[in-house]
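Novice: Sharing a structure, written as structure tokens. Questions coming.
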Amino acid sequence: MKKRKTKHTDNSARVWSPSRPDLSSRKRGILSINADHVLAQAKIGYQLTHAGEPIAEVIDKRPHQVEIKDLHNKRWLINLHQLQDIELSAFLEDLAETITNYHQSTPEVLADMPLVDLPDDGEQTIDDDAQHSRRHSDQPAVIPTQPLLARYFQEEFISKMLNQMDFDQTRYGDTWLMDYTDGVEAHIRSRFEDYFNLFDEVGKPISWLRVAGYAILAQARLDHPDWLING
């Protein structure tokens, strides 16, 4: 018969759950990155960071679950179903706070927090019915799906755009931070006109990643004028 490990047992994993009821409504938008997409694609050894500092590392993956280990070697079990409506940065902030609070808690507080059952051979299992009831009792029966375009952006486009940025950085460096003689709008318009002229004249495909790159460049310059190099 399996025995539940006590709070003094090191070989146990805690089940993470959102500490704030409004976590799923924070920082949403078409450009947001949902935590479940990132963790679903994360490989063993992937580091989770918050405020530029590592807080945990992925050590195991199972269907719909990811197991991580924090900097104190404490294991945590993340249910991907709970992350479907939570933006990545909000999740990482909450996880960092949860880990900190856990390690600062008194034994009395720890006794009230749920533990994952471990059989005698050390292999981690979960009481499916009880755990499912605890995790999903407060969730709606139907979880809204994400728009297809937003899913494409998160799951495919971001990696393509980052590769394009790496190429452009190697080729052009930080010249995008300098002043444009004719202004950034006129410069970008002329580049777009070049793309379409080549398309019309010789059928050269338009690089939409470069078009998107110019949009990001222009928005970054607008949001951070302090970055600009005035010549």
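Novice: Where the only charges are on Cβ atoms (+1 Lys, Arg; -1 Asp, Glu), what is the dipole of the stretch 148-227 about its Cα centre, to the nearest 20 debye? Show your work: numbers first, answer last.
Specialist: Values: 8 positive and 14 negative charges, 51 e Å.
Taking the Cα centre of the stretch 148-227 as origin, the dipole is about 240 debye.
Novice: Could you work out the relative contact order of the stretch 148-227, using alpha carbon pairs under 8 angstrom and six or more residues apart, expressed as a whole percent?
Specialist: Working: 21 pairs, mean separation 29.3, N = 80.
Here the relative contact order equals 37 percent.
Here, each number is a calculation from the coordinates, and none is a lab measurement. Quick caveat: nothing in here was measured; it's all calculated off a predicted structure. Methodologically, a virtual Cβ is constructed for each residue, glycine included, from the backbone with ideal geometry; neighbour enumeration extends over all protein chains shown.
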